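Take a look at the structure below.
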Amino acid sequence: MTSYNYDLFVIGAGSGGVRAARVAAKAGARVAIAEDHRIGGTCVIRGCVPKKLLVYASEFGQTFRDAKGFGWTVDWARFDWATLRDNVQDEVTRLSGIYRKNLDAAGVTIHEERAVVLDANTVRLDVAGAAVTAGKILIATGGQTTRPTELKGQELAITSSEAFQLDTLPARIVIAGGGYIAVEFASIFSGLGVETTLLYRGDKILRGFDEDVRDHVQNELVRTGVNVITNAVFKEIAPLPEGRKLASLTNGMRLEADQIMFAIGRAPNTSGLGLEAAGVKLRDNGAVIVDEFSRTNVPSIFAVGDVTDRINLTPVAIREAQAFANTQFRGQSTRFDHADVASAVFGRPPVGAVGLTEAEARKKGRVHIYRANFRPMKNILAGNQQRTLMKLVVDAESERVIGVHLAGPEAPELIQVAAIAVKAGLTKAHWDAACAVHPTAAEELVLMSEPVAHDNEAPA
Ligand code: NDP
């Protein structure tokens, strides 16, 4: 029998890699993990976690304004970017330390350097230069931000990776993109008082989300002061004195800004990883091709998380990693079911979505659509015009709720619970049987008694 240095070598210590390494090690496997940046990966270091902390920070301004209607006078509010940035980075460092401790406690050997694949059972550590063998190799290198490399002046712009570490808060920012990161950062910067422009190439942001949600969020961003420019992209970015930039757009507009940020998608992190040489098949965009058990075409090489470009969300990477480790090291054949994964966009307003959009559902069969659009109770006294949208997509044959789409305060919290019901296949009658909790916004979810659109009628 061949003897390898390790049973499992994991490349990438992000959400997926760390989970797989820990579970395999706890099951008795000899495991090593390599990370060339910081332990924790995108989510902990420059993604979900620091982003959510910035989101919290960005919400205070509105809270202070809302407070007036409730009798409070807040005339001392000042914001200091350096305090927020440094506190967020301290928290990131603390969490990275916890990830490291957990790996150590599980007995995983940590290599803080880049590792590349040499062949089906060998990796090379870049700094040490050593070749290390393993019975199985797991690719969990995640994704990376992308830039329009052909655009003149693109090097003057930042991406989300740099946004967390800015020396100063810009007075004006232009953010390109209309997906998760663009909407979240436009909401963050505008909430922190930055004059914010969102530049999207299509006519409506958040492509892939339900049309009502897309309309609602775009309208709310505009209402709260974000300058949303659609159907245009950058033609050129030019430097101006004092670090300012001048963006020329394809629609003829010119915008001056202190920062320009690309949020135009992320790409699987496989470049230079040695996978092609090892015979691992990749998609055109560099994603590792895997089957439902996260197996590549090379039997000893596996991949989980964003590097596979299935559903690029941290909890999905964790589930894929857990399923991989259960299957390969715990004798429990497990595959993660990618259906009905809920997700949230932490914008202003936040969005929560699970299951099919109305348009997707209509392609599959007859539907009933339930919708509520209301001003939450708290906003009345606050004088805040923000509204909440709630929408249920119901399959007309089975009466099952197959899609839930929310935009408004606490939508990400609510969608987690709604996802249980959708995943369980509960019918509209089950939802209605749950008695309302009053007074809440969530009660609307069980009080939408009349559909606004039936069967394949156009939405009301
Ligand atoms: P998304 O894929 O969500 O959005 C990319 C956006 O950029 C789209 O609006 C797209 O337009 C636009 N775009 C793409 N290429 C160009 C181009 N060349 N010029 C101009 N615009 C372009 O990517 P993000 O970067 O926002 O996020 C990456 C992924 O990370 C997300 O898909 C998500 O899976 C994950 N993520 C999840 C978060 C969460 O769970 N809250 C938060 C952040 C990220 P079009 O729609 O026309 O294609």
Just reorder R214, R38 by solvent-accessible area, largest first, 1.4 Å probe, all chains present. R38, R214
Quote the accessible area belonging to K378 in square angstrom, nearest 10, computed with a 1.4 Å probe and with ligands, DNA and RNA left uncounted. 130
Cβ charges +1 (Lys, Arg) and -1 (Asp, Glu), total dipole of the stretch 90-215, debye: 300
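Could you compute the FRET efficiency for L381 and K235, with r as their C-beta to C-beta distance and R0 at 51 Å, rounded to 0.05? Numbers along the way, then the final one.
Details: r = 46 Å, r/R0 = 0.91.
Calculated value: 0.65.
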What 222 nm value per residue comes from the helices of the chain, counting each DSSP H run with n ≥ 4 as -39,500 (n - 2.57) and dividing by all residues, nearest 500 deg cm²/dmol? -9500 deg cm²/dmol
Heavy-atom SASA rank of L221, L414 (probe 1.4 Å, accessible area, largest first): L414, L221
Express the relative contact order of the chain as a whole percentage, based on alpha carbon pairs under 8 Å and six or more residues apart in sequence. 15
The ratio Rg/Rh over the Cα atoms of the stretch 1-138, Rh being the Kirkwood inverse mean 1/r radius, stands at 1.22
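Please work out how much length the chain gains when fully extended from E155 to N227, using 0.36 nm per residue of separation minus the C-alpha to C-alpha distance, in nm with one decimal. Kindly include the intermediate steps, with their values, before the conclusion.
On the way: separation 72, 0.36 × 72 = 25.92 nm, distance 2.33 nm.
This chain segment gains 23.6 nm when fully extended.
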With 0.36 nm assigned to each residue of separation and the Cα-Cα distance removed, N102 to L447 gains 119.7 nm
In whole percent, the fraction of accessible protein surface over the chain that belongs to carbon or sulfur atoms, probe radius 1.4 Å, stands at 51
Restricting to DSSP loop positions (anything but H, G, I, E, B) with no more than 13 other Cβ atoms inside 10 Å of their own Cβ, which chymotrypsin sites (Phe, Trp or Tyr not before Pro) remain in the stretch 42-86? W72, W76
Hey, rough spin-label estimate for E162 and S271, points 7 angstrom out along Cα→Cβ, what's it come to in nanometres? 1.6
Evaluate the distance, in nm, between pseudo-label points positioned 7 Å from the Cα of K68 and of R201 along their respective Cα→Cβ axes. 4.2
What's the angle, to the nearest 10 degrees (0 to 90), between helix 411-423's Cα axis and the longest principal axis of the chain? 70
Degrees between helix 15-26 axis and first principal axis of the chain (Cα, 0 to 90, nearest 10): 50
Heavy-atom accessible area with a 1.4 angstrom probe orders R78, R266, most exposed first, as R78, R266
Over the stretch 267-363, what is the relative contact order in percent, taking alpha-carbon pairs closer than 8 angstrom and at least six residues apart? 17
Using 0.36 nm per residue, how much length does the chain from I311 to T427 gain when fully extended, once their Cα-Cα distance is taken away? 39.2 nm
Nearest 10 degrees is fine. How inclined is helix 180-191 to the longest principal axis of the chain, computing both from alpha carbons? 50
Given contacts defined as C-alpha pairs under 8 Å and at least six residues apart, what's the relative contact order of the stretch 80-213, whole-number percent? 15
Would you kindly find the accessible area of I11, with a 1.4 Å probe and non-protein molecules such as ligands, DNA and RNA excluded, rounding to the nearest 10 Å²? 10
When all protein chains stay in place, what accessible area (Å², nearest 10, 1.4 Å probe) is found for T63? 70
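The values are calculated or read from the model by the stated rules, or taken from the named source; none is laboratory data. None of the values given here were measured: they were computed from a predicted structure. Cβ sites come from the backbone with ideal geometry, for glycine too, and all protein chains shown count toward neighbours. Calculation scope for accessible area: heavy atoms of the full protein, side chains included, ligands and nucleic acids excluded. Shrake-Rupley method; radii C 1.70, N 1.55, O 1.52, S 1.80 Å.
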